[in-house]
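Below: the structure, in structure tokens.
The values are calculated or read from the model by the stated rules, or taken from the named source; none is laboratory data. No experiment lies behind these values; they were computed from the predicted model shown. So basically every Cβ, Gly included, is an ideal-geometry build from the backbone, and we count neighbours across all protein chains shown. In case anyone asks, the SASA skips ligands and DNA or RNA and just uses the protein heavy atoms, side chains included. Shrake-Rupley method; radii C 1.70, N 1.55, O 1.52, S 1.80 Å.
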Amino acid sequence: MTPAYADPFTQMCMFIAALVHDYEHRGVTNDYLVATKDELALRYNDRSPQENHHLAAAFRVLAAPPNNFLAHLGDGEWARMRRCVIDLVLATDMKQHFAIMGHFASTHRVATHEAVKAALAGGVLGPGGASGLNGASNS
């Protein structure tokens, strides 16, 4: 990850989210929890029940004094970290996948596989072709 893309604080949030994103996972899908009227589905109104539980349970553990390695954060930093981790973990609900990927692709102008193939076939990338993508030269 390039430093310009995510500052160290955001990187820390990503690490925390990666660690807690499946904390206390039950091994079933959210759809199953909703269909069976599970307590988690009821508690979180059928919206990402597992992801919401992973977050709530993990933040309970992190708040305990022996585990609270973030106690030094001020209120503003704590709120920023918590919002970032919540957003990242909620994004792991596969029901959100296509919307998130669509937003990411449009925001970051990610080329599709088909677009890259068309560019290569049409010579859009210039005389170096695909080798020009990594800075290589044909000379």
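Below is a table of values for the structure above.
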quantity	calculated
Pairwise FRET efficiency - A57 versus D87, Cβ, R0 = 22 Å, nearest 0.05	0.80
Among 62-70, 49-57, the order from most to least packed when residues are scored by Cβ within 10 Å on average	49-57, 62-70
Cβ-derived FRET efficiency at R0 22 Å, M94 paired with Q11, nearest 0.05	0.35
Inter-label distance, nm, simple model (7 Å from Cα along the C-beta direction), M101/D46	2.5 nm
Solvent-accessible surface ranking, highest first, for Y32, Y23, Y44 at 1.4 angstrom	Y32, Y23, Y44
Inter-label distance for K37 and D75, nm, one decimal - labels placed 7 Å from Cα along Cα-to-Cβ	4.2 nm
